[in-house]
Amino acid sequence: MKYFINPRIGALLAASFAGALLFGGTSEFLFGPQARAQEMPPPEANQVAAAPGEKPSINDRLPDQSHEMQDAGYHFENLWFAGTKQNWPLADYYLRKTRSYLALAVQIKPVRKTSTGTEVDLKGILDAVDHGMLVQADKAIKNKDLAGFKTAYREAVEGCNACHSACERSYIHLQVPAAPAASIINFDPPSPGGK
């Protein structure tokens, strides 16, 4: 048995269905964003990204310096345990990573201003730490000199603290770590014949 719908009734049903959708559940979908936009307060100036058509600057795209410092801290902390366990290849790795992340942090923000407006040259400070204390740590690692490594590491900690103080961040006070940052790492030296 076939049923035929009168085209006029079909059009009326379609129009009724469309009206129900439009003014029923989909009206929130269609008209809700405008109503919600009118209810929301305007964003603060520091919350607004580059306007449409404007290109963000390179500084807008870089991570905050604190992220790189956190990475540097992770590797520097593990460096202590690799060196004191005399796992010299691992100590060399952690020292290279520490230096790399410190350099990246200074690339992100090479100069900091203090509350008095004084500019602190972070690159100059890093150069002094890197070419002084961290070079000494590198030499101790290459020479497998445990006493020299411990001395260089402690001096590097003091160099970091001096930089933090110069930047009015003395509340970030480093110390020789009591536990490694990575509990999953075995800091024992490789077995003889192993690399």
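The values are calculated or read from the model by the stated rules, or taken from the named source; none is laboratory data. Keep in mind the model is a prediction, meaning the values are calculated, not measured. We place every Cβ from the backbone using ideal geometry, glycine too, and count neighbours over all the protein chains shown. Heavy atoms of the whole protein, side chains included, go into the accessibility calculation; ligands, DNA and RNA do not. Shrake-Rupley method; radii C 1.70, N 1.55, O 1.52, S 1.80 Å.
For this structure, a couple of remarks:
- Dimensionless Rg over Rh [segment 119-190; C-alpha; Kirkwood]: 1.03
- Beyond 18 Å in Cα-Cα separation lie the following of the pairs LYS85/LYS150; LYS109/LYS150; LYS55/LYS123; LYS123/LYS144: LYS109/LYS150; LYS55/LYS123; LYS123/LYS144.
- Available extension along the chain between SER165 and HIS131 is 10.2 nm, counting 0.36 nm per residue and deducting the alpha carbon span.
- Taking only the alpha carbons of segment 108-151, we obtain Rg and Dmax values of 14.9, 45 Å in that order.
- Most positive-pole-ward Cα, ALA91, VAL111, ALA128, against dipole of segment 87-138 from beta carbon charges: VAL111
- Backbone N within segment 157-195 under 20 Å of label point (7 Å from ASP121 Cα along the Cβ vector): 159-169
- Projecting label points 7 angstrom from Cα along Cα→Cβ for GLN107 and GLN70 puts them 2.0 nm apart.
- Heavy-atom surface of segment 77-195, accessible at 1.4 Å and reported per residue (Å²): 58 Å²
- Taking all protein chains together and a 1.4 Å probe, the residues ILE108, ILE141, ILE184, ILE172 rank ILE184, ILE172, ILE108, ILE141 from largest to smallest accessible area.
- The modelled label-to-label distance between SER191 and ALA179, using points 7 Å beyond Cα along the C-beta direction, is 2.9 nm.
- Viscosity 1.002 mPa s, 20 °C: Kirkwood-radius Stokes-Einstein D of segment 60-195 over Cα pairs, µm²/s: 138 µm²/s
- TYR74 accessible area, 1.4 Å probe, all protein chains in place, Å² to nearest 10: 90 Å²
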